[in-house]
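Have a look at the structure below before the remarks.
The values are calculated or read from the model by the stated rules, or taken from the named source; none is laboratory data. What you see is a predicted model; the values in this text were computed from it and never measured. Neighbour counts run over all protein chains shown; Cβ positions are idealised from the backbone, glycine included. The area values use the complete protein model at the heavy-atom level, side chains included, leaving out ligands, DNA and RNA. Shrake-Rupley method; radii C 1.70, N 1.55, O 1.52, S 1.80 Å.
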Protein chains: 2
Amino acid sequence: MNGNNLDALFRPSSVALIGASSKELSIGNVIIKNLLHYGFKGPVYPINPRVDEIRGLKAYPSILDIPGPVDLVHIVIPPPFVPEQVENCGKKGVKAIIINTAGFKEMGEEGQALEDDFLARAKKYGIRIFGPNCQGAINSDPEFRSYCNFTFTFFKSGYISVVAQSGGVGAVIMQALYDMDIGMRMYASNGNASDVSIPEIIRYYGNDEQTRAIVLYVESLDDPAEFMEIAREVTAKKPILAMTAGTTDKGAEASRSHIGGLAGSISMDVVFKKTGILSFENQEDMCNAAEAFACQPVPKGKRVGIITNTGGPSVIAIDELDRNGLQIPPLSEKAKTELKKTMFGSASIANPLDVVATAGAPQFKSAFEVMMNEKDVDSVYVNYVTPPFVDNESVAREFVAAAEKFDKPIVCNYMTDKKKWEGTTKILKEGSIPCFDFAETAAKALASLVRYHEIRSAVRGKVPVFSGIEKAKVAEIIANATADGKKLLTAADAYTLLESYGIPVAGWNVVSSAGEAVKAAEKLGYPLVVKADSEQIIHKSDVGGVVLNISSDEELEAVVTKMQNSFEVDDLKFFIQQQKPGGTELIIGAKKEEGLGHLIMFGLGGVFVEVFKDVVFNIAPLTDTEAAAMPNDIKATVLLDDFRGKKAVDKQKIVDIILRLSQLVTDHPDIKELDINPVLATHEEVCAVDARIIL
Amino acid sequence: MNGNNLDALFRPSSVALIGASSKELSIGNVIIKNLLHYGFKGPVYPINPRVDEIRGLKAYPSILDIPGPVDLVHIVIPPPFVPEQVENCGKKGVKAIIINTAGFKEMGEEGQALEDDFLARAKKYGIRIFGPNCQGAINSDPEFRSYCNFTFTFFKSGYISVVAQSGGVGAVIMQALYDMDIGMRMYASNGNASDVSIPEIIRYYGNDEQTRAIVLYVESLDDPAEFMEIAREVTAKKPILAMTAGTTDKGAEASRSHIGGLAGSISMDVVFKKTGILSFENQEDMCNAAEAFACQPVPKGKRVGIITNTGGPSVIAIDELDRNGLQIPPLSEKAKTELKKTMFGSASIANPLDVVATAGAPQFKSAFEVMMNEKDVDSVYVNYVTPPFVDNESVAREFVAAAEKFDKPIVCNYMTDKKKWEGTTKILKEGSIPCFDFAETAAKALASLVRYHEIRSAVRGKVPVFSGIEKAKVAEIIANATADGKKLLTAADAYTLLESYGIPVAGWNVVSSAGEAVKAAEKLGYPLVVKADSEQIIHKSDVGGVVLNISSDEELEAVVTKMQNSFEVDDLKFFIQQQKPGGTELIIGAKKEEGLGHLIMFGLGGVFVEVFKDVVFNIAPLTDTEAAAMPNDIKATVLLDDFRGKKAVDKQKIVDIILRLSQLVTDHPDIKELDINPVLATHEEVCAVDARIIL
């Protein structure tokens, strides 16, 4: 047992139920039934002032009438009566309350007021509240057997703990694992999460030694920072398998080229990535992976040895392993020599190793020994059909022996009629061999083990702190703009911000006359761009307020004079900037996400961002490792290398800009959105040529 | 019964087994056991000269000793003895033989000779051969119950027929459908397919009225043309659900920009697409879709009405439906009014319609009636959890009533413990409601029904025949090149071929001197490109043999003279071509696939093909509809429309080139590979500027 304050929830010594009912199909009856059915180790106290007993248990009129101490209370009565009962629980010395009742903040103001009321009372007494509008919590630990939930899946004790924001999805996952005959350790679905939060539950599971893997379903984060801190702490110890939903963004069809449009609904995936959570696209893949984590060790690499006693499924397995980035190395000569001694003549001595359908225990034993001893093999994948002419139970025992003897994981595509080969199935199950019905699912489960290996062994890197930064200057610009009620910074301010953090910017100046312009041009050099700089001119390009390719003093003077004549505004200035000769267009940006900090985006500009959405995100502050990965993680990363006669761009300079931008927005959280689009990159220079900053 | 000549295989009146054995675990015993266990309606004759009876059946020394007629024979004896037994079968008047024995053409020359031998004998007697090296065939029709197979899955009678090239994969599919409690109609896995082919089996299933959907696993096609003809014929009548494997192409990493490299292993997917076969990426999705097809009608559109009695799974369902291109239209006002009368107060009257967990039969009945009557709804998706406080059996009866009353399909994400809610499960199952364990799988199964609707309702179009084509001229060029032993056509020949089929080409000429060049330039106009034209100069660009941007007679003369001086070859000529000012780079190509005809490719050129592999394929001859779809089917299709100030390119001209190319390669099958890369497209002109043709 650990000292975390959720013990009263998951390890209660006694449970009471306020709103207990004699009505068979009511929640107030079902929870009592569940506690009894699951074999809860402590006393259960139904509370109902109108009856004497429920399901054979003495019922009490009030929580205050219970003779002994009460750790945990369920409340299932209507919302208006809840605060008073919480007060009573406080007087009784209750440690935690699961409020199953719905109808609080999700129903508007009145509900919110009731929620605030019971929370204040709970706080006064130091009671933890779970819910409201929730299912509850379950612990299969034989010492407790606390099924404080109104669901119907009585899982056996195991190593997977589940927490789900949606009780419906939680129930599906619980049932799926149950149907797969996978044990679970704990389960929780906390509904409105008014007090006990999902991150707290994750931490609790993280500290529980019997929990080998955590399965999480989450749609939104109340406190992303708390979530990230805890998730990172836990994923260093054990895998978190997670899924989110509500992510399809129907508006994403529209062409977008700034971070505000692109970030859309990707934040959750980025949070998962940043914190080392294994992300899944569907519940089934997640449950299959959970089975693998519950049974097998994490491999030390992505090289797979395949053993098969049938052909076609092997082809499918190789496709799926390859799709998931796993490798199938050739067998060593030593392995081949060894296998030639033991395999049947028709066997195919290679990787995949086809032991053929007639292979029995001696062939499988040898296949496992040789594969496991290969230094280039990190895990073993088996396609195993149960031929009617083979002693399959002794084959199954070889699976188990190999799993026990070696520290490399085994997954099995087990092709059989599980009823007919009940004995074989039992041996594999009891020997903790994860068995899947399809080659694809077995391969994907193995790939998840490998993904966790990669997460756990990845270098996290450090967040660099650049020196020579003019932090105060930036703070002043932002303060002034805020004081002036400006949301969009002027070009001059935007470029000054970037320069203050050492981000290279195409040379620029702001001038008031043709004479000043020519003088500025002397320093900047031609070609130049001139933009009319006035808050009163919107859509500058459309009204002739942007002129490119100015290559002489005469042209420059003419352009400035023409603008002076055509724009009748009183604040007219001229933004003059070096025109870069070309390079690869990049887009680097940042966007503030409430509670999360800033998302940093990197991608190729132009059509690549607009059509292919070929951008990557991470969360500031970025470590050097995270920043360095970004240019390599876009699909079109080859365009940054030597390509079609164009020299590779200077990636280190790109990474430097990304890191400086990360520091800039971290230092100045008032920046809501920052787009440098484009950054022009060549093999010698990387330079911002347009920027937009929104406060 | 139909007249197709596979009746003896799938509808045998009697079955004999040559190589029958008393040994429990031998194939020669298992097949007898299977026939008896499955309740085969005709006599079974074990043949074994050394015993008197097997499994209680009288054994005969030879096929010739059997008193009555024999339709179908299994042969399981070693290869060398097979031809003689086939001869005996011929004498006996046997109609079909399943040769389970392995060790024929797959084992090399000797095996091939034996295979040729038995095939010749079978042909002589008009016997159809199934196999060798195969599992066999099964028919669950109560009139036959012929389990002529050594597998172990005794499926109930149903509407899905399966044919698998790999017996291993076939067995997995059979077992998966069995585990899902889905009946099957027929099953076949024909191994080496020396005579009876997969297309023949597909046609047989196509003609079988009780088969509602065909499930196919295929790795390669012996005769793609036969396959395509039959597949197209059958998919017009009923869906074919198919999967292939062995498709990951590890070499695909390398950057490729010609059709030879890109086509790689995509042919099977293109064949599926062209013939209207529903293609799947994994066995499980395919089996789930089969369940939907077996139970439900095909919807008339992609608009889905969602009914749910739980929250989270609904979010997941919407994500998955949206990912699959399905739509969730808003409810009509009429529907809302109706539902307000019947739903509980906490229900959410919208699409998705959340009837809430407490909804019973009356609420579900109303939900179904209203959704089914919505004219904007083509199918109904239900998330249904079985709350312990609801009469779930009466709810299930409403599913069945709705399915019977309306002609729109229902799929259900059924979240329950199937043992605990056995009665409910049985009602849904017997009422043909396809039930899935996860929101994602239910949504994907529904999406498959919609895909088949789209296939069946798609306009196939016509293959246009262009007039004014100089077919004979092209034939002559190809014949001459072939006579000269040339594989790669000269630029002049390549452009002449394109022009002969009316494909616009940037103006060109071949000249021998500076004087001729200037004369040619008069007609072509500047700017021009000059390429040294000699078979002896390889990698022209690298040695100064290509000069761009020539804009005057002087430059032209200088370039030609310089090349004359620098290249010491005796066949030096000069290929002069108009240099187009720009446009969108496209790549249009054709590649011959043995037995299949030509693959036609379309894509955007440059980085789009090299980095994003953004190309589409189809098989020539293309119909107008197929060709018109190609520019719309690439990911970056928006780049062909008005984009970033660039006018839309002339798509009709692109389609015209695709169709002319299709006719060119169809008329001249000697063309192995043809790449037009790039084609330059603007809003007014689409024109080939480089081409490469390989014979």
Original post:
What are the nm distances, shortest first, from A:G468 to its equivalents in the other copies, labels at 7 Å along Cα→Cβ?
Top reply: 6.7
Subject >> Mean Cα-pair separation over length for the range B:343-454, i.e. relative contact order, pairs under 8 Å, 6 or more apart, % >> reply: 23 percent
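Could you work out the Rg to Rh ratio of the range B:345-435, with Rh taken as the Kirkwood radius (inverse of the mean 1/r over all Cα pairs)?
Values: Rg = 12.3 Å, Rh = 13.2 Å.
Across the range B:345-435, the Cα-based Rg/Rh ratio is 0.93.
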**OP:** Anything over 26 Å Cα to Cα? Flag those among A:K420/B:K444; A:K418/A:K444; A:K487/A:K573, in the order listed.
**Re:** A:K420/B:K444
Subject >> Among A:V505, A:T424, A:L446 the positive-end extreme of the charge dipole of chain A (Cβ point charges) >> reply: A:T424
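Using unit Cβ charges (K, R positive; D, E negative) and no other charged atoms, how large, in debye to the nearest 20, is the dipole of the protein assembly as shown about its Cα centre? Present the calculation step by step, with values, prior to reporting the outcome.
On the way: 146 positive and 184 negative charges, 799 e Å.
Roughly 3840 debye, rounded to the nearest 20.
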**OP:** Give the range of the longest stretch in chain A that excludes all GluC sites (Glu not before Pro) found in loop regions by DSSP and having at most 12 other beta-carbon atoms within 10 Å.
**Re:** A:210-534
**OP:** Could I have the simple spin-label model distance between B:K156 and A:E143, label points 7 Å from Cα toward Cβ, reported in nm to one decimal?
**Re:** 4.7 nm
Subject >> Whole-number percent relative contact order across chain A, with pairs defined as alpha carbons under 8 Å at least 6 apart >> reply: 9 percent
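Which number gives the lysine pairs in the range B:584-694 that have C-alpha atoms under 16 Å apart and are eight or more places apart or on different chains? Intermediate results must be reported in sequence, preceding the final value.
Numbers: B:K591/B:K672; B:K592/B:K672; B:K613/B:K635; B:K635/B:K651.
The number of close lysine pairs in the range B:584-694 is 4.
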Original post:
Considering only A:L680, A:A492, A:V370, whose Cα is most displaced toward the positive end of the charge dipole of chain A, charges sitting on Cβ of Lys, Arg (+1) and Asp, Glu (-1)?
Top reply: A:V370
**OP:** Tell me the label-point distance for the pair B:K124, A:F389, using the 7 Å Cα-to-Cβ offset, in nm and rounded to one decimal.
**Re:** 2.9 nm
**OP:** Kindly provide the helix-only [θ] at 222 nm of chain B, computed as the sum of -39,500 (n - 2.57) over DSSP H runs of four or more divided by all residues, to the nearest 500 deg cm²/dmol?
**Re:** -11500 deg cm²/dmol
Subject >> Calculated FRET value between B:Q327 and B:V546, using beta carbons and R₀ = 60 Å, to 0.05 >> reply: 0.70
Original post:
Taking the axis about which chain B rotates onto chain A, which residue of B lies nearest it as judged by Cβ position, and how many whole Å separate them?
Top reply: B:F612, 3
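Return the FRET efficiency for the residue pair A:K237, B:A558: r is the Cβ-Cβ distance, R0 is 56 Å, and the value is rounded to the nearest 0.05.
FRET efficiency, A:K237 to B:A558: 0.15.
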Original post:
If you put a point 7 Å past Cα along the Cβ direction, how far is that point for A:R232 from the same point in each other copy, in nm, smallest first?
Top reply: 6.0
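Looking at the calculated P(r) for chain B, what percent of the C-alpha pair distances fall above 41 Å? All intermediate terms of the calculation are to be shown ahead of the outcome.
On the way: 113703 of 241165 pairs.
Pairs farther apart than 41 Å: 47 percent.
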Subject >> Net dipole in debye of the range A:152-295 [+1 Lys, Arg Cβ; -1 Asp, Glu Cβ; about Cα centre; nearest 20] >> reply: 280 debye
**OP:** Check the range B:152-295 and count each lysine pair with an alpha-carbon distance under 25 angstrom, considering only pairs eight or more places apart or from different chains.
**Re:** 7
Original post:
Can you list the lysines whose alpha carbon sits under 20 Å from that of A:K95, skipping same-chain ones fewer than 8 residues off?
Top reply: A:K41, A:K123, A:K124
Subject >> Nitroxide proxy distance, nm - points 7 Å out along Cα→Cβ at A:K523 and A:D116 >> reply: 5.6 nm
Original post:
Can you give the % of DSSP beta bridges in chain B that are antiparallel, to the nearest 5?
Top reply: 50 percent
Original post:
Between copies, how close do the B:P527 label points come, placed 7 Å along Cα→Cβ, listed in nm from shortest?
Top reply: 1.5
Original post:
Just how large is the dipole of chain B about the Cα centre, in debye to the nearest 20, putting +1 at every Lys and Arg Cβ and -1 at every Asp and Glu Cβ?
Top reply: 2320 debye
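Give the value in nm², to one decimal: projected area of the alpha carbon convex hull of the range A:584-694, averaged over all directions.
On the way: hull surface 26.0 nm².
Average projection, Cα convex hull of the range A:584-694: 6.5 nm².
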Original post:
lysines near B:K405 by alpha-carbon distance under 18 Å, same-chain residues fewer than 8 away left out - which ones?
Top reply: B:K300, B:K365, B:K375, B:K429
**OP:** Quote to one decimal, in nm, the extra length available between B:E109 and B:V51 on full extension: 0.36 nm per residue of separation minus the C-alpha distance between them.
**Re:** 17.4 nm
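Starting from the residue with the highest accessible area, list B:S566, B:S21 in decreasing order, probe 1.4 Å.
Working: B:S566 75, B:S21 25 Å².
Ranked from most to least accessible, the order is B:S566, B:S21.
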Subject >> C-alpha center-to-center spacing [the range B:281-322, the range B:613-629] in angstrom >> reply: 29 Å
Original post:
Where does each of A:L326, A:L36 land when they are ordered by accessible area, with a 1.4 Å probe and the largest first?
Top reply: A:L36, A:L326
Original post:
Can you tell me the Rg and Dmax of the range B:260-383, counting just the alpha carbons, in angstroms?
Top reply: 18.2, 64
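Go ahead and run the numbers for FRET between A:A225 and A:D670, Cβ-Cβ distance against an R0 of 22 Å, rounding to 0.05. Intermediate results must be reported in sequence, preceding the final value.
Working: r = 17 Å, r/R0 = 0.79.
Plugging the Cβ-Cβ distance into 1/(1 + (r/R0)^6) gives 0.80.
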